[in-house]
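Peer 1: Structure provided below as structure tokens; questions to follow.
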Amino acid sequence: MTLPANDAFSLGLAHDQPRRSSSRSRTPSLPRRSSSPKISFSSHTPPSSTSSSVVFSPQPANGMPAKRGHKRKASARDGSQQLKQHGEPTIEELVEEVDARIARERKLPPSSSPDKHKTVKKQIDWEIPRKVLHSSIGFFTIYLYTSKGNPQTVVIALSSALAVLVPIDILRLKYPLCERAFEKCVGIFMRDSEKKSSNGVIWYILGANTALIAFPLDIAVVSILILSWADTAASTFGRLWGSLTPPLPARLLGLPLAPRKSLAGFIAASLTGAAAAAGFWTCLGPINDNLTWSWNAGVSSTFSGGSVEGGKVFNGLTGLAVVTVWAGLVSGVAEALDLGSVDDNLSLPIIAGGCIWGLFKVLGWLGDILL
């Protein structure tokens, strides 16, 4: 007899159910294991400051015996708290004590860092080759004056040199190959600021030429001496002692002064300019004739309205003192002026020569009045 499909299906389910249930009943019920074993920290023994405290728990977890010991390191914060509870210094306190001891040994306040008080002395670039060249022009000028050289010849020679240097400078600024070749030859005489701008020698020649053309010979020579020596003295002593003296004010009698200039450089330029003027008109000036000022005649008659007696009012020591003090002040102020992009090699001889020329005009006028 065949059974229906439904009955066969139902009989099969009934036959299988006891077997499944019996399989479940044979398996003993096991307790659930914790995902992580519990670790108990013992508080009976004080922890050591040199090692982390780790305790192995011999107790079973949830009724299951522990096969392996599980260790866990205590955090720095927990360790510090435990050290505080037992009256021992914490790690932070030990670090602070060491820092304070180092600070006392170095005689520094505990809150300061030794690196902040470490001063590095700045290396001074003395520009020795440049200064030697700069100062040598003054000695060469004295040689030409004492040998009674023709000023017109000197002007022509300087103009010829200028005609050669200007095109070279243009090529240097335009083509990198020419720039590298130029710096390889005369780079030791150049400042870093001149490597991307016009060369200072060009302005030096222009300033000297302008003084020789515009002023009488003795005034022109003194102006070139001020350019050659006063400028060098200001740069040298400004770098040497400038940090020990205050900087110059932004303005002096309405004249703009360079903020980078120092009082040490100003004094050096003033003293050098005064010495150059006094030395020239007392020792070197009388070699040639037609002087603007002389020891015996005083101010030339061309500055005193044609009166010889009026010029003698400021002769001798009185006139020399006035000329020396004025030349010194003019040298210091002209060297410290801030004229923007105008090079001081051009402005210094022109300003110095113009101010000295103006002084002789004033002295000649005063001589005529006081006579």
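The values are calculated or read from the model by the stated rules, or taken from the named source; none is laboratory data. What you see is a predicted model; the values in this text were computed from it and never measured. Don't worry about glycine lacking a Cβ; one is built from the backbone with ideal geometry, like all the others, and counts go over all protein chains shown. We work out accessible area using only protein heavy atoms, side chains counted, and drop any ligands, DNA or RNA first. Shrake-Rupley method; radii C 1.70, N 1.55, O 1.52, S 1.80 Å.
Peer 1: Does the range 193-205 hold any residues that are part of a loop (DSSP other than H, G, I, E, B) and open to solvent by 30 Å² or more (accessible area, probe 1.4 Å), and which are they?
Peer 2: Of everything in the range 193-205, those that are part of a loop (DSSP other than H, G, I, E, B) and open to solvent by 30 Å² or more (accessible area, probe 1.4 Å) turn out to be LYS195, LYS196, SER197, SER198.
Peer 1: For the range 325-341, name all the residues that are surrounded by fewer than 20 Cβ atoms within 10 Å (Cβ to Cβ) and either over 39 Å from the mean Cα position of the chain (by Cα) or over 13 Å from CYS355 (Cβ atoms) (or both).
Peer 2: Within the range 325-341, ASP338, LEU339, GLY340, SER341 qualify.
Peer 1: Among the residues in the range 350-365, are any of a type outside the set (Lys, Arg), surrounded by fewer than 17 Cβ atoms within 10 Å (Cβ to Cβ), under 48 Å from the mean Cα position of the chain (by Cα) and in a helix (DSSP H, G or I)?
Peer 2: Yes, the range 350-365 contains a residue that is of a type outside the set (Lys, Arg), surrounded by fewer than 17 Cβ atoms within 10 Å (Cβ to Cβ), under 48 Å from the mean Cα position of the chain (by Cα) and in a helix (DSSP H, G or I).
Peer 1: Here's another thing I want to ask about it. Would you please list the contacts, defined by Cβ atoms under 8 Å and residues six or more apart or on different chains, that run from a residue in the range 265-283 that is open to solvent by less than 20 Å² (accessible area, probe 1.4 Å) to a residue that is not in a helix (DSSP H, G or I)?
Peer 2: TRP281/LEU291; TRP281/TRP293; TRP281/SER294; TRP281/TRP295
Peer 1: Does the range 101-111 contain at least one residue that is open to solvent by 100 Å² or more (accessible area, probe 1.4 Å), among the hydroxyl-bearing types (Ser, Thr, Tyr) and modelled with pLDDT of 80 or more?
Peer 2: no
Peer 1: Further question: From the residues in the range 236-264 that are open to solvent by 70 Å² or more (accessible area, probe 1.4 Å) and more than 18 Å from the chain's Cα centre (by Cα), which one is nearest to ASP344 (Cα to Cα)?
Peer 2: Only one residue fits best here, namely LEU255.
Peer 1: Related question: Pull up the range 240-265, narrow it to residues that are in contact with a Leu (Cβ under 6 Å, 6 or more places away or on another chain) and of a type in the set (A, V, I, L, M, F, W, C), then point me to the one that is farthest from ALA336 (Cα to Cα).
Peer 2: LEU248
Peer 1: If you check ARG130 against the conditions, is it surrounded by 12 or more Cβ atoms within 10 Å (Cβ to Cβ), modelled with pLDDT of 85 or more and in contact with an Asp or Glu (Cβ under 6 Å, 6 or more places away or on another chain)?
Peer 2: No, not satisfied.
Peer 1: Tally time: how many residues in the range 206-243 are in a helix (DSSP H, G or I) and either without any contact (Cβ under 8 Å) to a residue 24 or more places away in the chain or not aliphatic (A, V, I, L, M) (or both)?
Peer 2: Residues meeting the conditions: 17.
Peer 1: Within the range 305-320, does at least one residue satisfy the condition of being modelled with pLDDT of 90 or more, closer than 16 Å to CYS355 by Cα and open to solvent by less than 50 Å² (accessible area, probe 1.4 Å)?
Peer 2: yes
Residue by residue, here is whether (1) buried (at least 16 other Cβ atoms within 10 Å of the Cβ); (2) at pLDDT 95 or above; (3) within 21 Å of ILE351 (Cβ to Cβ); (4) of a type in the set (Phe, Trp, Tyr) holds:
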| site | (1), (2), (3), (4) |
| --- | --- |
| LYS148 | no, no, no, no |
| ASP169 | yes, no, no, no |
| ARG180 | no, no, no, no |
| GLU183 | no, no, no, no |
| GLY187 | no, no, no, no |
| ARG191 | no, no, no, no |
| ALA208 | yes, yes, yes, no |
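Peer 1: Can you tell me how many residues within the range 215-245 are farther than 23 Å from LYS261 by Cβ and in contact with a Gly (Cβ under 7 Å, 6 or more places away or on another chain)?
Peer 2: 4
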